[in-house]
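Here is the structure we will look at.
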Amino acid sequence: MIVVLSKNISSHDKDRLRSFLSERGFSVREQVFGDDDILGATGKGSVDIRELSLLPGVERVAQTSKPYELASRETKSDDTIVTIGPVKIGGSRISVIAGPCAIESREQIMETAALVRESGAVMLRGGAYKPRTSPYAFQGLGMKGLEYMKEAGDAYGMPIVTEVVSPELAQQMMVLTDMFQIGARNMQNYELLKKVGSLGKPVLLKRGPAATIEEWLLSAEYLLASGTKDVILCERGIRTFETYTRNTLDISAIPVVRKLSHLPVIVDPSHAVGIRAKVSPVALAAIAAGANGLTVEVHPRPEEALSDGPQSLYPEQFEKLMRDIEALAPVVGKELMRTPAPVSAERKMVSGGFNLKGSSAPAAQKGEPTGKGTGEYAIAFSGESGAYADQAIIRAFGEDSNRVAVPSFKAVFDAVLEGKARFGMVPIENSLAGSVHENYDLFIRYPDIAIVGEIKLRIVHCLIGAKNASLDTVRIVRSHPQGFAQCREFLDQHPEWVLEPTTDTGGAVASIARENLSDVAAIAGEVAAQLYGLKVLKEGIETNPLNYTRFFILSRRESGTEMEVPSLLHTGAALPPGYESQIPNKASIVFSTPNEPGSLFACLKILSERGINMSKLESRPIPGKPWRYMFYVDVSIPEEETVFDSAMEELKTKTEDFRFLGAYRASL
Ligand code: PEP
Ligand code: MN
């Protein structure tokens, strides 16, 4: 049983609670759990829960039906997000840890760190103490190896994780490692768990090769009860009668554990299968099954590896896997986290002064942590909580971001322009219903607003109603017109329903929660139903499941950087955390052309001659100039930045009102 204490509990009340529980036969321990202080009460005591709940200083009492309490979702319903330096694991992100099985030399770990980071790994792994089946096999470089890995992690900006094999070594290793790994063989080494848990560092807990899910969660409980609050569970294959693969990946453990526990679950496909060619397919299956990330063995030359070479990926295989994960992630409502591009790959400033790295607004961003603490500034979106734009912000800025709902898209632009919000999130186009023209038009009216990022969200629509509603009681359906357009086929099956357009999907759901009518339903995402405590009457009602919405992240330009060619890419706008050192590979521009034959053709020719790919061309009427149009163009930024520079320079000479809306990293 867990007693969550009120934030302002007095020490007198706390002492009283302790005696109350011990007098009734419980042993009591106090600890921090998530954001709360709790008293954990274990043993065979008995107590009247209502009486306990009413005692001063008690926020709530959580009782679980499981033998593990701190690890149970019954105790904590929201996903735990584990923070390791700048890296977060859990929630809607996919985080990939990669590195060799064992640290073999300084050069080997440096080389591996560089290449896994280049492909997007967020943490570096490597064994310094190797628990090998044979006593004659390579046992690892020990503390020297760990020092090498720490150096590599620091050099490439990645926190490190390494296996700890004995309680005696834990203290010593703690200074150098960012996260401890408890290996499969040690999952039930309870003295080790207690010692490592007491150090308070994040722990990656592998599942034992013959452990049940309950035993695994009880081992997590040992760690949590000993003091750490950050545990990541790692499924790495279990022992079965099958001998073709090294172990058998228990894919079903992923959704099972995600339901039983709030802790993040990652998968180690390398030890699960033991065969290089099988690692990527099962890794993708793990992501599809809901894993929060992976830990993958990668070696620059696997055939030379001192341990686990046959299951280590070649660098190119790892790169391909990461690209595949990036493409798969939106399908399961997640996004692959990437470490910004490595320092060595930074592009130099080109002659014209275009800064392809983008740049942060010096005044606005100074002193602010990146990757966390985004709650300190506002990010505006149009609609009400639970709208898809709200989810897009969570994807880009995290759950603890300060999301501010405003009544319209124009209000988002205004909030960013006036500095009331640091960033804005607006939808720009949907793969089924097309462009959100209002936002295209707003870019023309707000020259000081730049695009600094792109997010693609898979849209799964649900019909949502009050608790007492069903498909038969519905008469009226509310949603954003895009919601109706994307669910055309489903709505056509119910011609009797009256459609009431709203300004956003979140607002449609909020109105149902307020009115609580069984004859009104809304089309929105499942998150909105959960948020407002409503019922999903039917899930997945969009006409085509390949339904994505592209959002732009907006930021205000530094004044004076608006249109001069030498600062095209240097918009001076503040960038979201984690985006500062990303190399943009996509840009959006808008221009009009002289009213003469071939003028648009001449512009497109400039792009085509340089091999610049155009991914979108959209024309919009120019207000006040009947039958004249602005052209919105999305283009790729080629590797060779001078090519891009010259294309933009030339475009300026062939167009009227050329405007560079922003350069950003394309979301897959
Ligand atoms: C490892 O990750 O290097 C390792 C030894 O894994 P496991 O404990 O899962 O066998
Ligand atoms: Mn290994």
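How far apart, in nm, are two points set 7 Å out from the Cα along the Cα-to-Cβ line at ALA666 and at ALA285?
Going by the 7 Å Cα→Cβ label model, 3.1 nm.
Please compute the alpha carbon radius of gyration of the stretch 2-62, then divide it by the globular-protein estimate 2.2 N^0.38 Å. Two decimals is fine. Can you show the working numbers first?
Numbers: Rg = 10.4 Å, N = 61, 2.2 N^0.38 = 10.5 Å.
For the stretch 2-62, the normalised Cα radius of gyration is 0.99.
Sort 289-301, 401-413 by packing, meaning the average of other beta carbons within 10 Å per residue, with the highest value first.
Highest to lowest by the protection proxy: 289-301, 401-413.
Nearest-5 percent of antiparallel DSSP beta bridges in the stretch 462-546?
Values: 8 of 15 bridges.
In the stretch 462-546, DSSP labels about 55 percent of beta bridges as antiparallel.
Might you report the magnitude of the Cβ-based charge dipole of the stretch 83-194 about its Cα centre, with Lys and Arg at +1 and Asp and Glu at -1, to the nearest 20 debye? Walk me through the numbers on the way to the answer.
Numbers: 11 positive and 11 negative charges, 64 e Å.
Using only the charged Cβ atoms, the result is roughly 300 debye.
DSSP loop (so not H, G, I, E, B), at most 14 other Cβ within 10 Å: list which trypsin sites (Lys or Arg not before Pro) in the stretch 456-492 pass both filters. Write down the numbers at each step before the final one.
Values: sites: LYS456, ARG458, LYS467, ARG475, ARG478, ARG488; in loops: LYS467, ARG475.
Answer by residue number: LYS467, ARG475.
GLU151 to LEU199: extension gain in nm, 0.36 nm per residue of separation minus the Cα-Cα distance?
On the way: separation 48, 0.36 × 48 = 17.28 nm, distance 2.22 nm.
Length gained, GLU151 through LEU199: 15.1 nm.
Roughly how many Å² is the accessible area per residue of the chain, as a whole number, for a 1.4 Å probe?
Details: 27110 Å² over 668 residues.
Per residue, the chain has an accessible area of 41 Å².
Post the alpha-carbon centroid distance, the stretch 465-529 to the stretch 89-150, in whole angstrom.
Rounded to whole Å, the Cα centres lie 50 Å apart.
So, in nm, how far is label TYR548 from label VAL536 when the simple model puts each one 7 Å beyond its Cα toward the Cβ?
Going from the TYR548 label point to the VAL536 one covers 2.2 nm.
Full extension from VAL332 to GLU656: what is 0.36 nm times the residue separation minus their Cα-Cα distance, to one decimal in nm? Don't jump to the answer; show the numbers that get you there.
Numbers: separation 324, 0.36 × 324 = 116.64 nm, distance 4.30 nm.
Gain on extension, VAL332 to GLU656, equals 112.3 nm.
Give me the distance between the Cα centres of the stretch 605-667 and the stretch 205-277, rounded to whole Å.
Comparing the Cα centres of the stretch 605-667 and the stretch 205-277, I get a distance of 49 Å.
Pop the C-beta distance of ASP36 and LYS605 into the FRET formula with R0 = 45 Å and round what comes out to the nearest 0.05. Mind showing how you got there, number by number?
Values: r = 63 Å, r/R0 = 1.40.
Efficiency, from the Cβ-Cβ distance: 0.10.
Over the residues of the chain, compute the C-alpha Rg and express it relative to 2.2 N^0.38 Å. Please list the in-between numbers first.
On the way: Rg = 27.3 Å, N = 668, 2.2 N^0.38 = 26.1 Å.
Against the compact-globule rule of thumb, the ratio is 1.05.
For an R0 of 51 angstrom, estimate the FRET efficiency from the Cβ-Cβ distance between ASP78 and ARG132 and round to the nearest 0.05. Before the final figure, lay out the partial values.
Working: r = 39 Å, r/R0 = 0.77.
Computed FRET efficiency for ASP78 and ARG132: 0.85.
Using amide H atoms built 1.01 Å from N in the peptide plane, name the residues 5+ places from ILE428, or on other chains, whose amide H lies under 5 Å from its own.
ARG550, PHE551, PHE552
Determine the relative contact order of the chain: mean sequence separation of Cα pairs under 8 Å and six or more apart, normalised by residue count, in whole percent.
On the way: 1510 pairs, mean separation 71.0, N = 668.
Result for the chain is 11 percent.
Give me the distance in nm between label points sitting 7 Å out from Cα along the Cα-to-Cβ direction at GLU500 and GLU215, one decimal.
The answer from the label model is 5.7 nm.
Considering only ILE622, ALA288, ALA450, whose Cα is most displaced toward the positive end of the charge dipole of the chain, charges sitting on Cβ of Lys, Arg (+1) and Asp, Glu (-1)?
ALA288
How do 85-95, 382-392, 129-139, 325-335 rank on mean C-beta neighbours within 10 Å, highest first?
Numbers: 85-95: 21.7, 382-392: 26.3, 129-139: 13.0, 325-335: 18.0.
Highest mean packing first, the order is 382-392, 85-95, 325-335, 129-139.
The values are calculated or read from the model by the stated rules, or taken from the named source; none is laboratory data. This structure is a prediction, so every number in the text was calculated from the model and none was measured. Virtual Cβ from ideal backbone geometry, glycine too; neighbours counted across all protein chains shown. Keep in mind that these areas ignore ligands, DNA and RNA; they rest on the heavy atoms of the full protein, side chains included. Shrake-Rupley method; radii C 1.70, N 1.55, O 1.52, S 1.80 Å.
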